[in-house]
Number of protein chains: 2
Amino acid sequence: MPRLLNVSLFMVFVVLLVPSSLSQNLPYDSLALRLFKMSLGSGKSYEALTDLSVNIGHRISGSPQAEKAVQWTKKKMEEFGLENVRLEPVMVPRWVRGEVEEGSVILPDGKKIPVKITALGGSIATPAKGISAEVVEVHSWEELRALGEKAWGKIVFFNRPFDRTKIHTFEGYGGAVDQRGGGAIEAAKAGGVMALVRSMTPRLDDFPHTGGMGYNDTVPKIPAAAISTIGANKLSDLLKQHPKLKVYLKISSKTLPDVESANVVGELKGSEIPNEVVVIGGHLDSWDKGQGAHDDGAGVVQCIDAVRMLKELGLRPRRTIRVVAFMNEENGGRGGQAYAAKLRPGEKHIAAIESDMGGFMPRGFTAATDSVRFEKIARWAPLFRHIMADRILPGGGGADISWLIPQGVPQIALLPEVQRYFNYHHADDDTIDNVEERELQLGAACMAILSYVLAQEGL
Amino acid sequence: MPRLLNVSLFMVFVVLLVPSSLSQNLPYDSLALRLFKMSLGSGKSYEALTDLSVNIGHRISGSPQAEKAVQWTKKKMEEFGLENVRLEPVMVPRWVRGEVEEGSVILPDGKKIPVKITALGGSIATPAKGISAEVVEVHSWEELRALGEKAWGKIVFFNRPFDRTKIHTFEGYGGAVDQRGGGAIEAAKAGGVMALVRSMTPRLDDFPHTGGMGYNDTVPKIPAAAISTIGANKLSDLLKQHPKLKVYLKISSKTLPDVESANVVGELKGSEIPNEVVVIGGHLDSWDKGQGAHDDGAGVVQCIDAVRMLKELGLRPRRTIRVVAFMNEENGGRGGQAYAAKLRPGEKHIAAIESDMGGFMPRGFTAATDSVRFEKIARWAPLFRHIMADRILPGGGGADISWLIPQGVPQIALLPEVQRYFNYHHADDDTIDNVEERELQLGAACMAILSYVLAQEGL
């Protein structure tokens, strides 16, 4: 980057970056700019996320860490000045990984090559001695079915890669994740003894990425594990040389009875129409990997910090802004369901905004509602031009708030840049080290701005 | 992030993210999309940058590593199919850090507290035994001048912070970097014995960030060093308690005679008007910290890879695209000067595009030229909407290509998201680990698209 001789050049560059917009007279424009700068200068999302990540860490539903996180969130909401802070109880599943996870390729000469594997969320355990079996590698259900009896008694290795060429990484994810969700069912149907699934990441790394998987009642339950992308490539290469190699896999996960947990709720009560509510939220639970920093500690702290900043500015909107830290998004969605199911007499949700795509640089929002309300939301897009995030695009909201769709509640999602998201997703490196403070804080400001404007102006 | 039950919701989200644009009929639109996808799927920028970063590392002008990097770049251009690959020699300054860099705060009771410091680029050494002196902390030239004789014989500690509240980090940098550039001069004028400058980063970290500094002929040369932001805060706190504390600083840098180095040049020769040239480039030298990955290995590999991709698609534009890996951007600008000064009879540069703001997610381009040509450039903005980078804004080009301004050559810069840039800038953590492959590759595609379109359509 240029040295001093070009400082003057930079200044030209920088000044012009903030467009001399046609939108300067848009209401709330100076407030938006103020919130961006405040969040960069004295926002507390990053500090809070560091505390949550380092001192509690990952927090799968029903775990002691999840319970700690519930209490931590309640305390943080109180500390940040939210009102009516409370727990709304919800029963959640309790899946436990167990301590033993082992994987290795066993060549015909007996040589063992270790590979990094991890149980998929919801999987049963292997027998205590593990499973050793030959492997069939497939890339689709069709390819598996065509194998017929060749799959009997085998480990079914689902190795269709996350498509790196998709610009939008969620599309790459969407094109591969069926293997994780349905692999155990399809492998069992085909007579396989276990499903081994290539990790859902565009990156070549040695982290196995976990995530939800399912069973159904028509076929036997067999265990399912993820293998790192490096491990998957290695296994695939070795299979070409040694089609009769075996893989040894051992996981010790189990499902315990449901336990009580809670959504954590706090508010900035509306001054005039408090029964009309804008919900903003993220999910407090995470997979039992890394620190659940991007997924979704980021969303939780952004929403709490958003209200803190509004209060610091002495702002109280006409309608209520309610922050919900949802429990159990990852393996059940019980928190979102419970929130939507709870009777709240006289209350009306006018919008719900979720932040659950990582604490990365904001690029805008997506919204799903009727065209009239979509246009009403989209008119606020220029407020976000200060950070070049002035896009409000058609698209979904988020898993937790999706349970409000039947009630007709407009769905909105904070849309960050997602190129890096699946590097860390459900893996050991979803840690605070991989969160950039400024990007996280700008997302918090976005949540503050849009929730305030909607609570003030209605929808 | 939502689990499988919401995959269908994602798909809606993702499909709609690529706007059903009005610009589908823009020429080159399908080519742009193809280049983005190719760069993500099989681009070689990241692989090349990994090689350069790990196997050569930082490469300050005149160093053995810089010489290796020149040869590496020539070979890489040849390997990637560039034409007329050559070195254009240039004499460069040779500043050497030396092996010893020590800093500590000495409290009145004799207790020593180490702080992380590093010589600023171009500084003379301290005496061999170092400098131990009392300290004056200032935040502006005015504050320093007002000290009068209180600054005599002292270490002048410039501690005006990089303003974190600036949304555009280059603006925060621009508001602080005068201390680094002019600190030694101003401290000497005030009778100080050394300049100690707070590192130019918005982050609180323990890396001292180096960078260029200057002397002039009217005052004595005194040594100048950077202190990490953590160290600067510590020193400032301690000064409040112990105004008479001393700081001990020792650096061993020196300036050797100029040596010969080179710009590395390669081309994709134009098919019809080869004497009209679009220059694209970055700088090959770096500061002697980290691996020079973002600054500016990223820009160099993006440009070479851009031409490789165009060739892979069998494309040859009407005009020539010339890649220049400039030498000595960081401490002299000699490469840029030499490139601009070289006589190239019959040739005309129609535009110059620099990538020197890090290998981060592209947000668009900036351009500086007359309004007619600006509009001609800006009409291509929609080609970059596929990655939401469809902004072409008024602004500078880059230090290396700025030497072409007197010839009237339009200046263009790739504009990435710069929130993270100054975390790593001129510091030990400017390493490949902090570069995201997908973001780097999308930048390479941007360089390929804009250079091709300009070389094809003219300006």
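Computed about its Cα centre, the charge dipole of chain A is approximately 260 debye, with only Lys, Arg, Asp and Glu carrying charge at their Cβ. Extent along the principal axes, Cα only, for chain A: 74, 63, 42 Å, with the longest axis given first.
The long axis of helix A:178-189 is offset from the longest Cα principal axis of chain A by roughly 30 degrees.
Under the Kirkwood approximation applied to all pairs of distinct alpha-carbon atoms, what is the hydrodynamic radius of segment B:161-257 in Å? Walk me through the numbers before you get to the answer.
Numbers: mean 1/r = 0.0688 Å⁻¹.
Computed over Cα pairs of segment B:161-257, the Kirkwood hydrodynamic radius comes out at 14.5 Å.
For chain A, relative contact order (Cα pairs under 8 Å, six or more residues apart, normalised by length) works out to 22 percent. Here is the size of segment B:248-376 from its Cα atoms: Rg then Dmax, 17.1, 64 Å. Checking the Cα-Cα distances for A:K76/B:K116; B:K348/B:K376; B:K75/B:K116; A:K37/A:K311; A:K111/A:K166; B:K111/B:K154 against a 27 Å cut-off, the pairs over it are A:K76/B:K116; B:K75/B:K116; A:K111/A:K166.
Scanning chain B for trypsin sites (Lys or Arg not before Pro) in DSSP loops with at most 16 neighbouring Cβ atoms within 10 Å leaves B:1-110 as the longest stretch between them.
Label-to-label distances for B:P274 across copies, nearest first, come out at 7.9 nm, using points 7 Å from Cα in the beta-carbon direction.
Across all directions, the average flat footprint of the convex hull enclosing the Cα atoms of segment A:358-427 is 5.2 nm². DSSP beta bridges fully contained in segment B:98-252 are about 55 percent antiparallel. Partner aspartates and glutamates whose Cα lies under 13 Å from the Cα of A:K269, excluding those fewer than 8 positions away in the same chain, are identified as A:E83, A:E347. Distances between equivalent label points of A:K129 across the copies, with each point positioned 7 Å along Cα→Cβ, amount to 7.7 nm, shortest listed first. Calculation over all alpha carbon pairs of segment A:246-290 in 10 angstrom steps from 0 returns a P(r) of 15, 29, 23, 17, 9, 5, 2 percent.
From largest to smallest, the equivalent ellipsoid semi-axes obtained for segment B:290-337 from the alpha-carbon gyration tensor read 26, 15, 4 Å.
A P(r) calculated from all alpha carbon pairs of the protein assembly as shown, with 20 Å bins opening at zero, reads 14, 41, 36, 8, 0 percent. Its residues counted as N, segment B:78-206 yields a C-alpha radius of gyration over 2.2 N^0.38 Å of 1.36.
Note on the protein assembly as shown: with charges restricted to the Cβ of Lys and Arg (+1) and Asp and Glu (-1), its dipole about the Cα centre is near 60 debye.
So what's the back-of-envelope 222 nm ellipticity for chain B, counting only DSSP H runs of four-plus at -39500 (n - 2.57) apiece and dividing by all residues, rounded to 500? All intermediate terms of the calculation are to be shown ahead of the outcome.
Working: 13 runs with 142 residues, N = 459.
Dividing the helical sum by the residues of chain B leaves -9500 deg cm²/dmol.
Choose one of A:N159, A:G62, A:G214: the residue whose Cα lies farthest towards the positive end of the charge dipole of chain A (beta-carbon charges +1 Lys, Arg; -1 Asp, Glu; about the Cα centre). In chain A, that residue is A:N159. Pairs of Cα atoms nearer than 8 Å and 6+ residues apart set the relative contact order; for segment B:98-252 it is 38 percent. Relative to the other identical copies, B:K112 shows label-point distances of 5.1 nm, where the label point lies 7 Å from Cα along the Cβ direction and values run shortest first. Counts of other chain beta carbons within 10 angstrom of each beta carbon in peptide A:417-428 average 3.
The charge dipole of segment B:98-252, taken about the Cα centre with unit charges on the Cβ atoms of Lys, Arg (+1) and Asp, Glu (-1), comes to about 300 debye, rounded to the nearest 20.
Close amide H partners of B:A262, meaning residues 5 or more places away or on another chain with modelled amide H under 5 Å apart, are B:V90.
Beta bridges per DSSP, both residues in the protein assembly as shown: antiparallel share near 55 percent. For segment B:322-456, the spread of Cα positions along the three principal axes, ordered from largest to smallest, is 44, 36, 21 Å.
Values quoted throughout were computed directly from the atomic coordinates according to the rules given, and no laboratory measurement underlies them. Values in this document were obtained by computation on a predicted structure and should not be read as measured data. We place every Cβ from the backbone using ideal geometry, glycine too, and count neighbours over all the protein chains shown.
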